[in-house]
Amino acid sequence: GGQAILTGPVGLDTAGFRISALLRSAEMSTDGLVLDTGRKTTRKTRIIANGQQIARLDSEILVPIPDNTEKTILEFADCKMESGIGAIVISDYAKGCITASLVRAVCLTAQRLDIPVFVDPKVSHRNFYRNTTITAMTPNQHEACDLVDAAYEIDTTGSPSIGSRILSDYWHRYVVITRGEYGMSLYDGD
């Protein structure tokens, strides 16, 4: 029943126009798409054989977005938060769109307006998410171990050790660790 509102940079290219067209065809707003003429739109091409993905080719720019693009994204996000949205979801793929200053600014406004913030983190950005007012972080099992520099082991039981360490290190309210075929585990301060 929710309605997603997207924001992020797109390039002045075919993939950027395609994203805009897909959003419009799904009756979603394109107002949050920020044109960054110095960047190409991230594109992932999957190579499939016999119904299975055998490779993926990525065309992307991984450098952080420029200050003016970040400012436009933040202004859009602030406007949407002020208008009463129900939640913020930060999906971090380490493609340059998510910056430490963007995360801090979004979290400050969300905290002031009592809006929950959910993060699908990228381990390379672990410091972006420390000491913030993030409601819940949703790493997979491998990422969860990397977030606290623990050795990766398949957790078939939902052992509390990694989840508790993330809560202790990052101060989030919840951590949801996805564990593939073993489901997921929810951790809170208790």
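The values are calculated or read from the model by the stated rules, or taken from the named source; none is laboratory data. Remember, it's a predicted structure, so these values are computed and weren't measured experimentally. When we count neighbours, we look across all protein chains shown, and the Cβ atoms used for this are built from the backbone with ideal geometry, even at glycine. Keep in mind that these areas ignore ligands, DNA and RNA; they rest on the heavy atoms of the full protein, side chains included. Shrake-Rupley method; radii C 1.70, N 1.55, O 1.52, S 1.80 Å.
A few remarks follow.
- Rounded to the nearest 20 debye, dipole of the chain from Cβ charges on Lys, Arg, Asp, Glu: 480
- Accessible surface calculations at 1.4 Å, restricted to protein heavy atoms, place the chain at 59 Å² per residue.
- Over the chain, dividing the summed -39,500 (n - 2.57) contributions of all DSSP H runs of at least 4 residues by the number of residues returns a 222 nm mean residue ellipticity of -10000 deg cm²/dmol.
- Cα gyration tensor, the range 71-159 - rounded (a/c under 1.5), prolate or oblate: prolate
- For percent of Cα pairs over 20 Å apart, computed directly from the structure shown, the correct entry in (1) 61; (2) 55; (3) 58 is (1).
- Ranking G11, V89, S161 by Cα position along the charge dipole of the chain, where only Lys, Arg, Asp and Glu carry charges on their C-beta atoms, puts G11 farthest toward the positive end.
- Cα-centred dipole magnitude for the range 33-136, charges only on beta-carbon of K, R (+1) and D, E (-1), debye, nearest 20: 420
- Set of aspartates and glutamates with alpha-carbon distance to K80 below 16 Å, sequence-local pairs under 8 removed: D31, E70, D114
- One chain, two ends: C79 and A151. Fully extended at 0.36 nm per residue, the span grows by 21.7 nm beyond their Cα-Cα distance.
- Taking the accessible area of the chain, probe 1.4 Å, and keeping the other protein chains in place, the carbon and sulfur fraction comes to 52%.
- The range 114-167: C-alpha gyration tensor shape, a/c 1.5 cut-off, then a/b vs b/c: prolate
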